[in-house]
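For reference, the structure is listed below as structure tokens.
The values are calculated or read from the model by the stated rules, or taken from the named source; none is laboratory data. In this text the structure is predicted, and so the values were computed from the model without any measurement. Cβ sites come from the backbone with ideal geometry, for glycine too, and all protein chains shown count toward neighbours.
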Amino acid sequence: MARINFTIVMLLCFQCFLSAKEKPTDPTMLNRTIKNKALKYKSEPDFYKAHTFFLAKNWDSTLVYSMRQLSNDNNSEIADYCHYFRAISFLEKKLLEEAKKEFLLTSGKFIFANKVKLSLGEILLEQKHYWEAISKFNEIEKLPENKGYGFKRSSVLHNLGLCYLHLQKYSIAEKFLFGSLKLQERDKDTLLITGSCMDIGTLYYEQYKDQQAIEYFKKAYDLSKKTKDFEIKRNAAINMAVVEENRNDFQKALGYRKEYENWKDSLNNQNKVWELAEYEKRFAIRQKQKELNVLTAENKLKKTEQTVLFIILVAVLLFLAGGIYVYRQKVKTNTIISIQKAELDELNSSKDRLFSIVSHDLRSSVNALKQSNKMLLQNLETKNFHELDKLLQNNSTIANGAYNLLDNLLNWALLQTRQSYFNIEPVRIYYVAEQVIYNYKPLMLDKHINFENSLPKNILLMADTDSLKIILRNLLDNAIKFSYPEGIIRIYLDDDNDGFSNSIVIEDNGRGMSEDLKQSLLKETVQLSKKQGEEIGTGLGLQLCKSLIKKNKGKFSIKSRENKGTKMIVSLPKSAVNG
């Protein structure tokens, strides 16, 4: 029979194999091995983060932290895992050369060494370095299967068969392809069996053994109906379309092509709809031509008129199609531009807010420190030690305030640019609070403030430890700042009675605040300048607290009355295990 569109068949079969390429039959075993290794080297934070991002399929972060680990440590076992993480990440990003380099940097003692060889062979096969790929596959062909680590012998045999098929070593390719098919039938893997049948059909087709080729293309088409892989179904349908075109049965070929188009998603279907329309037109022309050949002698004028009308119709349709395509591309481009503009505006707004805070508050702190130092020098000349002591304490207070502002700015900037790393886990709130309180004891002693930590020692709450320290530090700093000398500050736990959360309460009997100020503080604003007595702040610390509490899946509220004190309440989820 006539042979057409062979290159299409060959290409689609090869793509079919790539899309149906085996995945580890037990990914949990592979993941468990990686997790156990990360726990063994938990003292290596970069390696631990790299493994976390790898299992979460965050390829960019995996590349960053694995590179950091390789730069800072020479442990060969960890290095093997880091190179493996990087290779898989590059492979997922379609960077084959980079993936190959990283695979080659792993050692022969690596636990996934056979999977590495299989992956290297598949990369070389995709790059059309067939003899090099064969060399890699031969190294693991005779090995027993290790399904837990993603190594199947049927896959190795299939890859060898494809290599020899491309090298036109048909008898060798046939041996390996049928060996692979036998193992796949044993495992009852319909998806891989379908791909193998298409490749065997291609093998026979290339040798002009059309009947045998058609038999396997038909078998692949029947099996594809039992799979859920749309790519397999499309490839099987297009192969049958080519088969029927070779048989000159254009009616069936059209049916298969329609089926091929129906499997495509709506987006791809928009891009291909005119291809199908053009094919239907060619079919209509052939049918019409048969009728015109019979009526040529007596109806030449009618034939000419119909031809002209048809050409006009095609031109109009093509013009409309072009107009629709251009319009859709324009809408798509405008949408992308609008999204990018909104993101840029948001980033510029964040930048402006940061610059505003830095320029205003740091200038105030530095100017205060400058004036205090000037007075310090004057009193040093007169040896007024009592005044010197007060000025030194004042300098310390200004420096601590500036440091807290810079620390809040850094954490707020990291949060706004999504660079913060959150690890929500059960934490004992009492001991976290004790660490924060220790740094503020000198300030409380200076103002003669009585402090009481009534948090229970055995209660666990779900939170990120670092961000929880920032929250407690800012709230405690505010409580000290707005308390009267010889005032009282208490921190205790209040059960919300909802069964899901506990509330940490930081209570003082200081100046309190009005209802209007309380509502302003609870609004979702970026910063709030406030002044009470001699105390001035930007409100950035409280804004940072609200953002961090939200990231920790908690809630924030305030209870306060003027000159009656304030309660800052942070509600966090309970841990499933307490005791």
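Descriptive notes on the structure:
- Some residue of segment 420-429 being in contact with a helix residue (DSSP H, G or I) (Cβ under 9 Å, 6 or more places away or on another chain) and at pLDDT below 70: yes
- A count restricted to segment 87-100 and to residues that are loosely packed, with under 14 Cβ neighbours inside 10 Å and either in contact (Cβ under 8 Å) with a residue 40 or more places away in the chain or assigned to a helix (DSSP H, G or I) (or both) stands at 2.
- Consider segment 430-482 and keep the residues that are hydroxyl-bearing (Ser, Thr, Tyr) and over 31 Å from the mean Cα position of the chain (by Cα). The one that is farthest from GLY541 (Cα to Cα) is SER454.
- Pick from segment 34-49, criterion of a type in the set (Lys, Arg) and within 20 Å of the chain's Cα centre (by Cα), ranking: surrounded by the most Cβ atoms within 10 Å (Cβ to Cβ): LYS49
- Entry remark, segment 443-479: residues being assigned to a loop (DSSP other than H, G, I, E, B) and either among the aliphatic types (A, V, I, L, M) or within 13 Å of ILE489 (Cα to Cα) (or both) number 6 in total.
- Within segment 531-579, the set of residues being of a type in the set (Val, Ile, Thr) and at pLDDT below 90 comprises ILE536, THR538, ILE549, VAL577.
- When restricted to residues that are of a type in the set (Phe, Trp, Tyr), at pLDDT 90 or above and not in a helix (DSSP H, G or I), segment 39-85 contains 0.
- Within segment 472-513, the residues that satisfy the criterion of being polar (S, T, N, Q) and modelled with pLDDT of 85 or more are ASN474, ASN478, SER483, SER503, ASN509.
- All positions within segment 220-259 that are of a type in the set (A, V, I, L, M) and either in contact (Cβ under 8 Å) with a residue 24 or more places away in the chain or under 13 Å from ILE193 (Cα atoms) (or both): ALA220, LEU223, ILE232, ALA236, ALA237, ILE238, VAL242, VAL243, LEU254
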